[in-house]
Ligand code: BTN
């Protein structure tokens, strides 16, 4: 699938007088990982706003050290930012990106939600994911790479969905091409980061929670049953533990770190 740079640049310019992130596009046919290529460019002096886009990846990286299978037809991109935040808050970049991309896709008519912590979901299936990597010095983030993979026309596993097949099932095509989807994703990353740094984590978090599909889900953690009630500013899942009348819990709520449990894709599978 050919990627058209002019089409993408035109889509990015629509209705925007100035950029919060000054995007500088680097487009490749194939790289091991757009995150890795972007780190190499940053080491050679690339600045915040640098973007790496690839038609396919041969060693795509997923969350928790997993592989991200990346055949042609999907979107694989990474954006560099230089956030001035504490390392302990690094997950805020992922929350911001998840919200921003979902927000922009919803503006186009694609009813995307967020599955904690970093999955973009459509019809309870995974449409895409986010992998944020950071460089830290003295407890502060000095550089960050936000990587996003979205299923456009590529084959997906049973728990996945691609946007083209969803649009066909809806008999509508709000996202007309790969370049439009790419610009929507880039604008989404920009909206999320801008919201976080200009409006703050409380506002960002309330917007993220509005799109979170897991509120009210029942989860088991360490043999305790609880109900998902929120996410805190470090990205931890807030769960209210259930008890019967005979038991009193010392800690009625717990916070579960990203990567500790998986919530599953179908409500019925909880
Ligand atoms: C996840 O596991 O859900 C996150 C997947 C993130 C994949 C994207 S594809 C573009 C960027 N480059 C990578 O190597 N990974 C991210």
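Can you tell me the equivalent ellipsoid semi-axes for the chain? Use √(5λ) from the Cα gyration tensor, largest first, whole Å.
With the √(5λ) rule applied to the chain, the semi-axes are 31, 22, 17 Å.
Which residue fluctuates most in the GNM of the chain (Cα springs below 10 Å): 38, 241, 187?
Fluctuation is largest for 241.
Below 8 Å between Cα atoms, with a sequence gap of 6+, how large is the relative contact order for the chain in percent?
18 percent
Report the percentage of all Cα-Cα pairs in the stretch 146-199 whose separation exceeds 17 Å, rounded to a whole percent. Don't jump to the answer; show the numbers that get you there.
Values: 679 of 1431 pairs.
Summing the P(r) tail past 17 Å for the stretch 146-199 gives 47 percent.
Looking at the stretch 1-46, what % of the alpha carbon pairs are farther apart than 15 Å?
Result: 58 percent of Cα pairs exceed 15 Å.
By count of other Cβ within 10 Å, fewest leading, how are 207, 19, 5 ordered?
Starting with the residue having the fewest Cβ neighbours, the order is 5, 19, 207.
Place a point 7 Å from the Cα of residue 40 along the Cα-to-Cβ direction; which residues of the stretch 56-71 have their backbone N under 13 Å from it?
The answer is 58-59.
Sum -39500 (n - 2.57) across every DSSP H segment of at least 4 residues in the chain, then divide by the residue count to get the 222 nm mean residue ellipticity, nearest 500.
After summing the helix terms and dividing by the residues of the chain, the value is -8500 deg cm²/dmol.
What are the extents of the Cα atoms of the stretch 20-84 along their three principal axes, listed from largest to smallest and rounded to whole Å?
30, 25, 22
Any chance you could tell me what percent of the C-alpha pair distances in the stretch 92-244 go past 23 Å? It would help to have the intermediate numbers written out before the result.
Working: 4693 of 11628 pairs.
Across the stretch 92-244, Cα pairs with separations above 23 Å total 40 percent.
For 172, 24, what ranking results if the residue with the fewest other Cβ atoms within 10 Å of its Cβ goes first?
172, 24
Assuming a viscosity of 1.002 mPa s and a temperature of 20 °C, what translational diffusion coefficient in µm² per second does Stokes-Einstein assign to the stretch 51-116, Rh being the Kirkwood radius over Cα pairs?
Stokes-Einstein gives a translational diffusion coefficient of 153 µm²/s.
Laboratory data are not the source of any read-out in this text; all were calculated from the coordinates shown. Computed from a prediction, not measured in an experiment: that's the story for all the values here. Neighbour counts run over all protein chains shown; Cβ positions are idealised from the backbone, glycine included.
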